[in-house]
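Working notes for the structure below.
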Amino acid sequence: MLGPVLVARWDLDKTYLRTDFDTLRDLVRTAIERPDQKRTVPGAAALMRELGDAGAAVHIVSGSPESLRGRIVAKLELDCVRWASLTLKPNLQNLLRGRLRALRGQVAYKLRALLRARAEMPAEIDPQGEPVREVLLGDDAEQDALVYSLYADVCAGSLPPERLAAVMRRARAYEDEIEEALRLVSYIRKDPVVGRILIHLDRQSAPGAFARYGARVVPFYNYLQAAFVLFEDGGLRARAVLRVARALVTQHHFAGDALGQSYLDLARRGHVSGRGMGELGEGFAELVRGRRASPPGWSELGEMLRRIEAGRAELRPRAPERPFPIDYLRLVETRRRARGSQR
């Protein structure tokens, strides 16, 4: 049985939903919000719909508690998005078992969820006989860049099991969690399947802070930037990118010049190179050809494309990606000390 051509694994809070949980009051409000009161990050639903329409399988792995499943499902249905699976954290089970570290810990929970999802895929190859590729979407509020990079290196076979166990112990995982992770690793085929790790800068973190993870990790400010990256990687068509851009214009009042600057920002950081810009222009021309009046938002899309064209001198070919050694033990320890100093 052949699987999808692309798998998109999404975090939920601060990646798809605009969730606040920095205080106890925030946590209570999040728990009692009706589905129609939950706010989606601008452009996230549009991109998720486009990925689904392109044949990608969307799997959501969230640290939100299992008790919120009904409200989350209702919200996703309100947004008219399709998803293949929704994994939520078993906080009540952890509490009843006295596993207090697991209530806040993300590394062991998310890593095992990702590995389990990969191991349980109906097929790990696409219709062309190639490994099914993955794109991972998270945010800068938790440990998504760390966990996703760990997962990517484990799938690629570049992180030995004993090294993975050491990292998980440093992250204060329980021994049975480590054993389960190692068992799941043994089930999956080893291929460099993760092409991109897209990190939503919800907290406006400096993009340079993620350089320690290598070029595979792409910090982004808005979902059109994520769409641009996926387009250059072949995961989206030109019209899909234009529809995401139009959603940002018509629903969230983005200006065309700002959208063009979003592309140029990615180019300056080396994440896009201008490949396919002709296809975007042709797609736009086809959409407006023969219309007596432009639909809402199309003038802003024209301005976006003009701004990108005016900045073509800034575009450079993407540097070839090379193996990038990540010091996971040091990153975990730095994260632990930072959290301890905030208490």
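Nothing in this text is a laboratory measurement; each read-out follows from the coordinates by a stated rule. Source: prediction; values computed, not measured. Note that each Cβ is placed from the backbone with ideal geometry, even for glycine, and that neighbours are counted across all protein chains shown.
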Checklist line | DSSP-defined antiparallel bridges as percent of all bridges, the chain, nearest 5 | finding: 10
Item checked: For the range 205-217, 3J(HN,Hα) per residue [Karplus equation, 6.51 cos²θ - 1.76 cosθ + 1.60, θ = phi - 60°, Hz, x = Gly/Pro] -> 4, 5, x, x, 5, 9, 4, 5, 9, x, 5, 5, 8
Check: Over the alpha carbons of the range 93-156, what is the largest minus smallest coordinate on each principal axis, giving the biggest first in Å?
Finding: 47, 26, 16
Note to self: Whole angstrom only: what separates the Cα centroid of the range 185-250 from the Cα centroid of the range 273-311?
What the structure shows: 22
Checklist line | Cα coordinate range in the chain, projected on the principal axes (Å, largest first) | finding: 66, 46, 45
Item checked: Theoretical ellipticity at 222 nm over the chain - DSSP helices of four or more residues, -39500 (n - 2.57) apiece, nearest 500 -> -14500 deg cm²/dmol
Note to self: Could you tell me which residue out of GLY129, VAL167, LEU115 lies farthest along the dipole of the range 6-216 toward its positive end? Charges go on the beta carbon: Lys and Arg +1, Asp and Glu -1, centred on the Cα centre.
What the structure shows: VAL167
